[in-house]
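What follows is a set of notes on a single structure, which appears directly below.
The values are calculated or read from the model by the stated rules, or taken from the named source; none is laboratory data. The model shown is predicted, which means the values in this text are computed figures rather than measured ones. As a convention, Cβ positions derive from the backbone with ideal geometry for all residues, glycine included, and neighbour counts pool all protein chains shown.
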């Protein structure tokens, strides 16, 4: 009798890959290990994914789609923040993979739909264009992600976990209230550089340039003389 395709196989492969990565990083994520964890064969995994990087890319894109779907149904920014935390804690392995090397290619140049959704909502609340609120979004993102990873990696449970989530939500409200009063957050550092672009796919840049790196090298030489 002919074998029927397994509709859940790709999900099992990606779920297995996320668990392996979270437990042991790059060394643990081999095609053979993924196949074993997913209950299939190594050739079957290769039929669907070229290599480990291809699996990681598929996992990132799937996790981003799922996170976006979770946030899209929220009505307020606070609710979106809370749902982001809930998603991270419910899908901790995939979430860790999603943010591993997030500011480096290829992840940097992939779509960041949830980042953009919340940035657009910030612009709607505060006025201006979404890109004008990238620094504020970075602050919000750091707060949410830092809280999520503290709970995940710190093994927070019970009352401590609940209090940490609500501490993050209260801090989130404080940041937005401050931004609403001043129409922006006070800049404590240098002006946002034009070549630091986040959440815009292939247009995204981490703010590094050959010229900037060269200047840094020159300054370093002067300091060591």
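Before moving on, here are some points about what is shown:
- Extreme residue, farthest from the chain's Cα centre (by Cα), among residues of the range 96-135 that are at pLDDT below 95, assigned to a helix (DSSP H, G or I) and within 18 Å of residue 147 (Cβ to Cβ): 96
- Here residue 206 passes the criteria (1) at pLDDT 95 or above; (2) in contact with a strand residue (DSSP E or B) (Cβ under 9 Å, 6 or more places away or on another chain) except the one numbered (1).
- In the set (1) over 20 Å from residue 68 (Cα atoms); (2) outside any helix (DSSP H, G or I), residue 199 fails one condition alone, (1).
- Options 218, 185, 223: the member that is surrounded by 13 or more Cβ atoms within 10 Å (Cβ to Cβ), at pLDDT below 95 and either outside any helix (DSSP H, G or I) or not assigned by TED's automatic domain parsing to the domain that holds residue 101 (or both): 185
- The listed residue being surrounded by fewer than 16 Cβ atoms within 10 Å (Cβ to Cβ), assigned to a loop (DSSP other than H, G, I, E, B) and modelled with pLDDT of 90 or more, out of 3, 65, 50: 50
- Residue list for the range 140-160, restricted to those being under 20 Å from residue 67 (Cβ atoms) and surrounded by 15 or more Cβ atoms within 10 Å (Cβ to Cβ): 140, 141, 143, 144, 145, 147, 148, 149, 151, 152
- Qualifying residue in the range 26-42 (condition: within 29 Å of residue 141 (Cβ to Cβ), in contact with a helix residue (DSSP H, G or I) (Cβ under 8 Å, 6 or more places away or on another chain) and surrounded by 12 or more Cβ atoms within 10 Å (Cβ to Cβ)): yes
- Single residue of 162, 147 found to be touching a residue at least 12 places away in the same chain (Cβ under 8 Å), in the same structural domain as residue 76 (by TED's automatic domain parsing) and either within 25 Å of residue 100 (Cα to Cα) or in a helix (DSSP H, G or I) (or both): 147
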